[in-house]
Amino acid sequence: MRELFEKAFVAPLGRLADQFAGVVPGLITVALVLIVGGMVAAFARMVIERLLRWGKFDRFMAQTELGSVIHRTGIFRSASDFAARLVQGALWLLFILVALNALDTEMTRNLVVRFVNYVPDLITAGLVLLLGSLISHFLGRSALLAAVNAGWSGARLIAGGVRLLVMSLTVVVALEQLRIGRTALLVAFAILFGGVVVAGAIAFGLAGRDLVRDWLQAQTRAEGRKEEDFRHL
Amino acid sequence: MERFLPDDLLARLRETGEVDIVAGIPSYNNVRTIGHVVKAVSAGLAKYFPEQRSILVNSDGGSGDGTRETVLGAEVDHDSLLLVSHPVKPVQRLSTPYHGVPGKGSAFRTIFEVARQLNAKACVVVDSDLRSITPQWIELLVRPVLEREFDFVAPYYLRHKYDGTITNSIIYPMTRALFGKRVRQPIGGDFGFSRRLALVYLERDVWGTDVARFGIDIWMAATAMGEGLRVGQAYLGAKLHDAKDPGSDLTDMFRQVVGSLFGLMGSYEKIWRDVKGSEPVPLFGFPFEVGVEPIQVDVERMIRSYRAGVKDLQEIYGEILEPETRDALGARAAESTDAFHIPDALWVHLIYEFAAAHHQKRLDRDHLMQSLVPLYLGRTASFVREVRDSNAQAVEERIEALCRIFEAEKPYLLSRWEPSKRGEQSYARTV
């Protein structure tokens, strides 16, 4: 009976204890890495936010569409806050990877390798988004100012359209870089973009025909038009 | 110094030797008017400076309408000029295409370089679309340089009360408040200047900027004042010119002229910071009354443009203007067309805030200048409505009153010039 008890309960418990003892140092390491990582990430966030504020990062980001998006979310205090939290998150992720690596299992090793290989794509996609949002914001403003100074109605709509178009292209390129739903994304974008163009053409043709007629008449009508002949300079 | 004159022109200048006066005429497709301008300049040089060696230089931007041929072929009837003494040397004439960015500034650069090469003592430049130029203009612009040691002579014209609105509402009051000199037409376009000033102009590396285009006039005037050189004015009577240059777009012109002035504020900050008030500058010539051509202005279109700007450009104005200025502009936009009015104090604060934003590069400078255009049109509409029934003297007094506010509010400009913590907070609120 005693032999049976030892075989049935004590031996497995012993093996479990041995296995647990083998894992415990790893778990302690994981816990320590996560605690230290959390502290480092929080400290880095604080330092980076201050540095970015000092370097007028908010002003730079105000020139980008991304800056406007960050502001509109209402989640982040500023672009500096967003960037600092992004860095904090990245550091957290890094420390989680280090912690997983400390467990030294095949699964965690594979996970770490795959993630490290993915990092360049993540960085490239981030840069594409930043650049695209910068261009989108600039072109949107250029369109807005040109439309206002040309006396066109719906200037903000035109500017919004330009921004949306450039940002859509940017997001597609970024997701392509991340290899997320490549085919589906391209097809969806092509359908969407084509649809927008067709819808715009129909809308302009139907609803805007009076506008176009008036505009063409104004361009070709020389008589009766109020001409300004003063010089501004 | 970069050599940019073509070899054939340099060879021609070597043949010419030295001259006392260089008269420059920039042109681009001005065949209708340039013949008259060339005759007036040639007659002026022959009649008033018969003892001096002079050359007329046409700096052309690639005209395809025979402008250059007209310059070289224009005949002056010396008998009809009733000359007291005939010119010792006939006025030489040359026409050359200029190189660089297409624009009046690049054309002037070639004229400056010709003056340097020929060791000229005095230079005069006049627009090629003038219909009211007379030979005496040349005397009035050149003699103060040649005989009184003035470095820069600006024109003083009689203009219609609605004409020259950028000059009246921004350029004149601003240059006066900044440099303390009451030069009434700093961007008149027709100037006399010394060799010394021509060399200063040539030293500056501005020929890839808006100075190479419409910015040249304000740049020349502000540089003369900023360098502390002797500045005068010449009374030229009425300025009548050809119909508006079809290639000149208000937004571009505005951006180039006002943007150049804002840019110069950075260059001459040390000079204008300490200037208080202003003083008159000597006026040469005999002031007389002349009739000016009537002008049509579409006030309602300007007010519409102002309202559209205030409505659609709020986000941009949020980065440039103080909240109280924005609120005041919004209130004016809500007024009925009959009651529409932009007061002087609001206009002055607005311009100073734009100048500060330009200096601090708060946003792209082209965008900044473009966003000022609707507000400028609103101010112009307000001014036109205000002086509709005023005579020329009353209008001049009205502009004088605006200038005094620009001068009085200069501390406001200084307080906004450098980015302050308050400004940063205000910026953060709007973004």
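Derivation of every value follows stated rules applied to the coordinates shown; laboratory data play no part. Worth saying up front: this structure is predicted, and the values here are computed from it rather than measured. Here the Cβ is made from the backbone with ideal geometry for all residues, glycine too, and neighbour counts use every protein chain on show.
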Which aspartates and glutamates does A:Lys7 reach when only Cα atoms under 18 Å apart count, and residues fewer than 8 places away in its own chain are ignored? A:Asp18
Could you tell me the ratio Rg/Rh of region A:72-185? Both radii from Cα atoms, Rh via Kirkwood. 1.15
Using only the alpha-carbon atoms of region A:23-72, report the extent along each of the three principal axes, biggest first, to the nearest angstrom. 51, 21, 11
What list of whole percents do you get for P(r) of the protein assembly as shown, with Cα-Cα distances grouped in 10 Å bins up to the one holding the largest distance? 3, 12, 19, 19, 16, 12, 8, 5, 3, 2, 1, 1, 0, 0, 0
Which of the trypsin sites (Lys or Arg not before Pro) found in region B:88-184 are loop residues per DSSP with 15 or fewer other Cβ atoms within 10 Å of their Cβ? B:Arg131
To one decimal place, what orientation-averaged projected area in nm² is obtained for the convex hull of the Cα set of region A:159-199? 2.7
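Hey, with R₀ at 22 Å, roughly what FRET efficiency would A:Leu185 and A:Arg114 work out to, going by the Cβ-Cβ distance, to 0.05?
0.55
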Scattering from the C-alpha atoms of region B:140-183 alone, worked out with Debye: what is log10 I(q)/I(0) at q = 0.14, 0.20, 0.34 1/Å? -0.44, -0.77, -1.10
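Which chymotrypsin sites (Phe, Trp or Tyr not before Pro) in region B:219-326 sit in a loop by DSSP (not H, G, I, E or B) and have at most 12 other Cβ atoms within 10 Å of their own Cβ?
Within region B:219-326, the qualifying chymotrypsin sites (Phe, Trp or Tyr not before Pro) (loop, at most 12 other Cβ atoms within 10 Å) are B:Phe288.
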Counting C-alpha atoms alone, how compact is chain B: give Rg to one decimal and Dmax as a whole number, in angstrom. 22.2, 73
Among the helices of chain A (complete DSSP H runs), which have Cα atoms covering no less than 27 Å along the helix axis and a Kyte-Doolittle mean of at least 0.5? A:11-54, A:79-103, A:106-149, A:155-177, A:182-206
Can you give me the three principal axis dimensions of region A:1-112 from its C-alpha atoms, in Å, biggest first? 80, 24, 22
Per q in 0.12, 0.17 1/Å, what log10 I(q)/I(0) does a Debye calculation on the alpha-carbon atoms of region B:264-355 return? -0.66, -0.94
Fraction of antiparallel bridges per DSSP, the protein assembly as shown only, in percent to nearest 5: 20
Hydropathy at least -0.5 by Kyte-Doolittle, axial extent at least 27 angstrom from the Cα trace: which helices of chain B, defined as entire DSSP H runs, fit? B:365-387
Mean per-residue count of partner chain Cβ within 10 Å for A:145-155 equals 6
Identify all lysines with a Cα-Cα distance to B:Lys276 below 18 Å; exclude those on the same chain that are fewer than 8 residues away in sequence. B:Lys181, B:Lys410
Run the numbers on region B:122-228 and let me know its relative contact order in percent, using alpha-carbon pairs under 8 Å that are six or more apart. 34
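Assuming 0.36 nm per residue, please report the length gained on full extension of the stretch A:Trp54 to A:Val69 beyond their Cα-Cα distance.
3.2 nm
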If the cut-off is a Cα-Cα distance under 16 Å, which aspartates and glutamates reach A:Lys56, setting aside same-chain residues fewer than 8 apart in sequence? A:Asp81, B:Glu319, B:Asp364, B:Glu418, B:Glu424
Starting from the eigenvalues of the Cα gyration tensor, five times each then square-rooted, give me the equivalent ellipsoid semi-axes of region B:146-266, largest first, whole Å. 21, 18, 14
Region A:25-148, relative contact order [Cα under 8 Å, separation at least 6], %: 36
Normalise the Debye intensity by I(0) for region B:305-431, one equal point scatterer per Cα, no solvent, then take log10 at q = 0.15, 0.16, 0.17, 0.19 Å⁻¹ and round to two decimals. -0.73, -0.82, -0.91, -1.11
Counting only DSSP beta bridges with both partners in chain B, the antiparallel fraction in percent, to the nearest 5, comes to 20
Calculate, axis by axis, the spread of Cα positions in region A:1-42 along the three principal axes, and write the results as whole Å, longest axis first. 58, 11, 7
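For chain A, just run the numbers: alpha carbon Rg, then divide by 2.2 N^0.38 Å, N being how many residues it has.
With N residues counted in chain A, Rg over 2.2 N^0.38 Å equals 1.70.
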